[in-house]
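The values are calculated or read from the model by the stated rules, or taken from the named source; none is laboratory data. On a predicted model such as this, the values are computed, not experimentally measured, just so you know. Here the Cβ positions follow ideal geometry from the backbone for every residue, glycine too, while neighbour counts run over all protein chains shown. SASA here: full protein model, heavy atoms, side chains in, ligands and nucleic acids out. Shrake-Rupley method; radii C 1.70, N 1.55, O 1.52, S 1.80 Å.
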Amino acid sequence: MATGVLCHRAFALAMACLLLAVPSLVAQDPSNLSLQYYSKTCPNVEHVVRTEMECAVRADTRNAALMLRLHFHDCFVEGCDGSVLLDDTATMIGEKQADQNVNSLKGFEVVDKIKEKLEAECPGTVSCADLLAIAARDAVVLVGGPYWDVPVGRLDAKKASLDLANRDIPTAQQGLLALISKFWEKGLDATDMVALVGSHTIGFARCANFRDRIYGDFEMTSKYNPASQTYLSQLKEVCPLDSGDDNISAMDSHTSAIFDNAYYETLIKGEGLLNSDQEMWSSVVGYSTADTVNKYWADPAAFFKQFSDSMVKMGNITNPAGGEVRKNCRFVNT
């Protein structure tokens with residue numbers, strides 16, 4: 001009998017502790033993402049974003065890659081909270097000045113246009129962070145990539161962090177273990193990393209980010225293949241040894257305007273434009289990532305499926321500090 005009473009008391013104590021713990025766990029995720037978040041307050045949100053993205057991509061297919069990159073760089077700094085969109089102020093230097101963003105992160109005017117339309121449709125309702133998440137999905141679809149449902153309900157940060165942007169965003173020169181570590185810190189594993197970096201199938205890179213690669217081990221990883229030598233010569237024309245930092249080249253030399261799996265073939269050939277990309281295939285510690293690269297090159301459906309899943313996973317990284325719904329994506333509300 002005593003044992004039964006003791007067990008009952010222990011159970012009651014455990015339940016009480018659990019109930020006390022629940023509120024703190026819920027409070028850590030203020031965004032409360034869902035597919036129905038705007039169903040009553042702004043039911044046309046996806047239509048508005050899609051219409052503007054169609055115009056942007058029709059005007060320049062590179063806008064697709066720009067919007068996708070904005071979303072990625074946003075999510076890697078304290079979660080997907082629109083902080084990357086904030087302009088500098090007298091009291092804050094924002095993330096646009098970070099090493100991986102300055103002179104290369106673009107597409108802000110496209111965001112402005114979409115936000116203007118959303119404010120006309122549903123004033124003060126749709127966050128800039130949600131705008132980016134939806135626009136990134138539409139960007140991929142519009143150039144031939146997969147569709148995925150985007151959970152929404154994110155809040156916009158009231159501040160940006162230059163220091164965290166410089167620390168957390170992966171760089172073109174990093175080795176495989178450092179890259180895996182940066183993704184792991186965000187709750188993304190190596191499979192997510194290989195899939196998400198597949199977005200480079202529609203991306204362009206600045207000469208400053210691939211100069212070391214083409215004047216470094218490019219010939220070795222491509223096994224001195226004559227065809228690769230021709231490609232390398234073209235890259236060196238675009239990116240001289242001592243000038244042309246802002247010159248650009250497609251990271252997928254085959255189909256840069258189409259979202260497909262051809263990018264992975266460049267890695268298998270040893271022709272990855274960025275050192276960080278080629279590391280996934282050529283690194284001595286990359287046997288696992290190399291298998292994944294090979295899988296996505298052999299099976300485009302598997303790549304599309306994992307890319308969609310990983311984009312949702314990345315998009316669900318939230319800023320526990322909460323925030324607001326900005327009326328202008330460049331500035332906090334006053």
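Got a sec? Which of A227, A208, A250 is among the hydrophobic types (A, V, I, L, M, F, W, C) and more than 28 Å from K182 (Cβ to Cβ)? Steps first, please.
Working: A208 fails: more than 28 Å from K182 (Cβ to Cβ); A250 fails: more than 28 Å from K182 (Cβ to Cβ).
Only one candidate qualifies: A227.
Consider S310 against the criteria (1) outside any helix (DSSP H, G or I); (2) of a type in the set (S, T, N, Q); (3) under 21 Å from the mean Cα position of the chain (by Cα): it satisfies all of them except one. Which criterion is unmet?
Here S310 clears every test but (1).
Starting from residues that are of a type outside the set (D, E, K, R) and buried (at least 23 other Cβ atoms within 10 Å of the Cβ), keep the ones in the stretch 135-146 and report whichever is farthest from the chain's Cα centre (by Cα).
G145
Among the candidates S256, S276, which residue alone is modelled with pLDDT under 95 and either open to solvent by less than 20 Å² (accessible area, probe 1.4 Å) or touching a strand residue (DSSP E or B) at 6+ places or on another chain (Cβ under 6 Å) (or both)?
One residue alone meets the criteria, S256.
Just checking, which of V143, V126 is closer than 18 Å to G107 by Cα, at pLDDT 95 or above and β-branched (V, I, T)?
Criteria check complete, one pass: V143.
Go through D163, D189, D149 for me and flag whichever is open to solvent by 40 Å² or more (accessible area, probe 1.4 Å), over 29 Å from E54 (Cα atoms) and assigned by the TED database to the domain that holds F76.
D163
Which count do you get for residues in the stretch 192-230 that are part of a helix (DSSP H, G or I), of a type in the set (D, E, K, R) and open to solvent by less than 50 Å² (accessible area, probe 1.4 Å)?
3
Scan the stretch 198-223 residue by residue and report those that are more than 24 Å from the chain's Cα centre (by Cα) and either hydroxyl-bearing (S, T, Y) or not assigned by the TED database to the domain that holds T289 (or both).
Selection gives Y215, T221, S222.
Could you say whether any residue in the stretch 297-306 is closer than 24 Å to L176 by Cβ, buried (at least 23 other Cβ atoms within 10 Å of the Cβ) and not assigned by the TED database to the domain that holds V126?
Yes, the stretch 297-306 contains at least one residue that is closer than 24 Å to L176 by Cβ, buried (at least 23 other Cβ atoms within 10 Å of the Cβ) and not assigned by the TED database to the domain that holds V126.
Give, as residue ranges, the helices (runs of 4 or more DSSP H) completely inside the stretch 45-131 that count at least 3 residues that are touching a residue at least 60 places away in the same chain (Cβ under 8 Å) and under 27 Å from K182 (Cβ atoms).
On the way: elements: 45-59, 62-75, 108-121.
Where helices (runs of 4 or more DSSP H) fall fully within the stretch 45-131 and carry at least 3 residues being touching a residue at least 60 places away in the same chain (Cβ under 8 Å) and under 27 Å from K182 (Cβ atoms), they are 62-75.
Can you find a residue in the stretch 242-264 that is in contact (Cβ under 8 Å) with a residue 40 or more places away in the chain, in a helix (DSSP H, G or I) and under 16 Å from Q174 (Cβ atoms)?
no
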